[in-house]
Every structure is written in C-alpha cells, then in structure tokens.
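Everything below concerns the one structure shown next.
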Amino acid sequence: MRFASRGRPDGGPVAVPHAAPRLYVLDGLRLLAALMVVVYHYTDLHGGWGRRPTEVFPHLTLVSRYGWLGVEVFFLISGFVICMSTWGRTLGDFIASRVSRIYPAYWFGVLLTGAVISLWPQVRHLKSWDTVFTNLTMLQQGVGVWDVDGVYWTLFIELKFYVLFALVVATGVTYRKCVMFCGLWTVAALTAQVTDDRMLNMWTMPLYAPHFIAGIAFYLMHRFKPTALLWGIAASSLLLSLHHMPKRVSDNTNSSVPVWPAVLILTLAYVVMALIAVGAFDRLQWRWLATAGALTYPLYLIHQYIGMTVIYGLRDRVPAPALVAGLIVVMLAAAWLINRWVEKPLSKRLRRAVLKGIEEMRRNSAPPAGRTVLQNGLTAVLQEPRHYRGTEPYEPYEPGGAPGRRLGEEAGRVAVGKPDGV
C-alpha cells in the first residue's frame, strides 16, 4: 500500500489526483459503539425495570455491563475523523461543519426527551423547562445544569476537543502541528493530574484525552505512513488509557466487577483502529454501512431516558428480551426518521447560515482597500484579505455526524493555504 499518495506532510496539494475510497468500516464501528452503549443502558441499569438488572438478565449483564466502552470507541473515531476532515480547511469551514452537524439532531433530541420525561416522569423528573432551554446550548455542564438525557455529558467532552483542535485548524493543519498538538496535550493532561488543577483538568480531560490523541495518530498513519513516532503516540495513549481503566470501571458499575474484560475490549478497539490506519479495511466497500452509520448520532441522543420510560410502561406486559430487542429496532427506526427529516434538511440550512455569518464578519472586519497608514515612518497599503472561498466543508462520518464525502475527496484539488482568521 502506498501511503505517500495520500498527501504531503505540510498540508499541501496531494500527490496523486485520484480519490481514496471511503472508510465504510468507520461507519460500522460507530454503529457498533452506539449499540454497545444502548444495550448497556437497557440491560445493566436499573432504569425502568424497578429491580436489579442481574435478576432480569442474569447472563447478558456479564457482557453488557462493559457496553459503556462504546464511548471510548467514539472518542477514538472522533480523533481520527476530525483530523481527517480539517486537512486543508479554514477555521470557518471547521466551525460551520461542526455547528451544522451536531446541533440540529441535538436540538430535536433535547426537546423530544424533555417532552417525554415531562409527560411520564417515572424514570426522570423534569424540574423546569428552563433546564431544557439551557440544554439547547450544549453548554449546560459549564453552568452547572444537569443534562436532560444522561448521554449528553459526552457531547461536552467532544465540544472541548473541537475547541482545542481549532487552535491547530486556525493556523493550518499539517503533519508537524498535529504531532506537536498530541505531545502538548499529553503533557498538559499529565500535568493536570499531578497538580490537581481544576481548570487544567477540565480542558485537558485526562481520562479521555488519550483516545482523541490516538485517533489523530492513527489518521496520520493512514494519510501518510506508519512510523515509529506515530506508533509510539498511539501505544502511549493506549497504556495511559489502560491506567485509567479501573476508575472508569468503578464509575460505570454498581458493584465490584473484573477490570480485565474492559482492558481487553479497549485494547481490541485500538487494534481495529490500527488496522484501519494501515489500510487493512480499505477494500471493505459495503455501502449500506454509510446508512447504518448515519443512524448513530440520533440513536445515541434519544435512546436512554425515552427508552427507559418505554421499558417502565411495558415491563410487566412484554418479556424482557423481546422488549429490549423490539425497543432497539424502534429506536433505530426513529433515528432514521430524525436523520432523514431533521438532520439533513436543517444541517444544510444551518451550515449556509453560519458560513454567511462568517463571510459577513470577514467583510466588515477588513480595512478598506487602498487605505494607507504610517508605521515607523513607512507607508503600508492594507489590502483586503483573500476572498473567502465558500466551498462546501468536508463532512466527516463520526460520532455526532452524518455520512460524509469519501475520504480523500479533496484529492486533485489544491489545498487551501493557511487561513486568515476565522
């Protein structure tokens, strides 16, 4: 496999004008991670069952109690695809892409979940609709407001990753800058743990940073070629994440359970990502996986409290295995409807609106063309900045996003240079 054909380390134009195949395996891996979380919530939490899950699913819970590891897999994939999708893009493209991709389905999910738990408060009680309105910002954790749905805490983690990586995007994404970003983030996360600095801990996210960092390293392997440096970053990230595994297991279980299955599952996830990085799944071109992957985000957003409420209402009338299986099918169907009728139409409109706002900001922030100023006795002519090319941003297929264009679709297109502002 010729990794060199994927592009130059400085973010310049790619070497070969043909497009690389889409990584459909990432779509499948995303859906698998989402289903892990769904099964975990439906079979290992008290939720709507009203009794211990081990009494309802005495054998299944031995495996499903580790389903929360799907979140770790999400973060791994996110590091990979965010690095991939920002190559050669401006900060404005990145902002418009992320806002238009994560908010439409999220807004719908917040309002739907809020309505359900307001009408049927058996599983979760809604104190006031002010909580729902605050959740619409996705910043509720920053102001101490509880999440309308329990899964939303991971979205705040994702948002902080976007803010951190935006520092790289703002100056132009390159191989060197990505490696430096991985190294600096790792050092900062370790420092946060040693100093117990709350602010530093909030932004560096020591428990989850290794997954994002490993994902970035895996993408660099895929775009260019594996090197000892990149393998070292990925391996160090895995070892650091395994160090945190006892705490993660303790945080997600109600009793003492073995840690080694979680270690095994997470290690397997890293191995799969490593195989994706070296191109082992490039020939896997099952197009139906793109549709399956598109269901991941809306499924993740609506499944927990709405699903538990349904379980509460039907637990005495439908056998537990059939109830869980049927509920998952219904949730997948609902996710498809949300993707088709909410995500797709609203994302396009929101993206155009954000890009238009960014263009307006640039236009009105630039000094008038031809204006001269005296500085240190010299006359300088301030030119208008390069006109913003309002190209459609690359839409990655990752947790929180719908299927994007094929990986490497930018091939044959001269990459945009360093951005001049947002």
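The values are calculated or read from the model by the stated rules, or taken from the named source; none is laboratory data. Here the structure is a predicted model, which means the values were calculated and not measured. All Cβ positions, glycine included, derive from the backbone under ideal geometry; neighbour counts span all protein chains shown. Please note that ligands, DNA and RNA were not included when accessible areas were found on the heavy atoms of the full protein model with its side chains. Shrake-Rupley method; radii C 1.70, N 1.55, O 1.52, S 1.80 Å.
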Unique residue being among the small types (G, A, S) and touching a residue at least 40 places away in the same chain (Cβ under 8 Å) when the list is G293, G326, G357: G293
Boolean, A262 is crowded, with 20+ Cβ neighbours inside 10 Å, among the hydrophobic types (A, V, I, L, M, F, W, C) and assigned to a helix (DSSP H, G or I): yes
Selected residue [touching a helix residue (DSSP H, G or I) at 6+ places or on another chain (Cβ under 7 Å), within 18 Å of M36 (Cβ to Cβ) and of a type in the set (S, T, Y)] from Y219, Y208: Y208
Selection from the range 165-184 of residues that are open to solvent by 30 Å² or more (accessible area, probe 1.4 Å) and under 17 Å from L91 (Cβ atoms): L167, A170, T171, K177
Some residue of the range 240-256 being at pLDDT 95 or above, closer than 24 Å to V56 by Cβ and touching a Lys or Arg at 6+ places or on another chain (Cβ under 8 Å): no
Count of residues meeting criterion [modelled with pLDDT of 95 or more and open to solvent by 40 Å² or more (accessible area, probe 1.4 Å)] in the range 187-198: 3
Filter result for W203 (under 26 Å from T296 (Cβ atoms), open to solvent by 40 Å² or more (accessible area, probe 1.4 Å) and part of a helix (DSSP H, G or I)): no
Residue match in the range 319-335 (condition: modelled with pLDDT of 95 or more and not in a helix (DSSP H, G or I)): yes
Pairs with Cβ under 9 Å, 6+ apart, first in the range 105-132 and more than 18 Å from I311 (Cβ to Cβ), second open to solvent by 50 Å² or more (accessible area, probe 1.4 Å) and of a type in the set (V, I, T): none
Count - residues of the range 84-115 that are among the aliphatic types (A, V, I, L, M) and either within 17 Å of the chain's Cα centre (by Cα) or surrounded by 24 or more Cβ atoms within 10 Å (Cβ to Cβ) (or both): 7
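Table: residues versus (1) β-branched (V, I, T); (2) touching a Leu at 6+ places or on another chain (Cβ under 7 Å); (3) closer than 30 Å to R22 by Cβ.
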position	(1), (2), (3)
T253	yes, no, no
V259	yes, no, no
V263	yes, yes, no
A269	no, yes, yes
F281	no, yes, yes
A292	no, yes, yes
Within the range 135-148, tally of residues that are farther than 20 Å from R98 by Cβ and either in contact (Cβ under 8 Å) with a residue 24 or more places away in the chain or open to solvent by less than 30 Å² (accessible area, probe 1.4 Å) (or both): 1
Where a residue in the range 220-239 is under 22 Å from G88 (Cα atoms) and of a type in the set (F, W, Y) and its partner, wherever it lies, is open to solvent by less than 60 Å² (accessible area, probe 1.4 Å) and not in a helix (DSSP H, G or I), with Cβ under 8 Å and at least six apart: F224/G7
Hey, S100 modelled with pLDDT under 95 and farther than 30 Å from S236 by Cβ or not: no
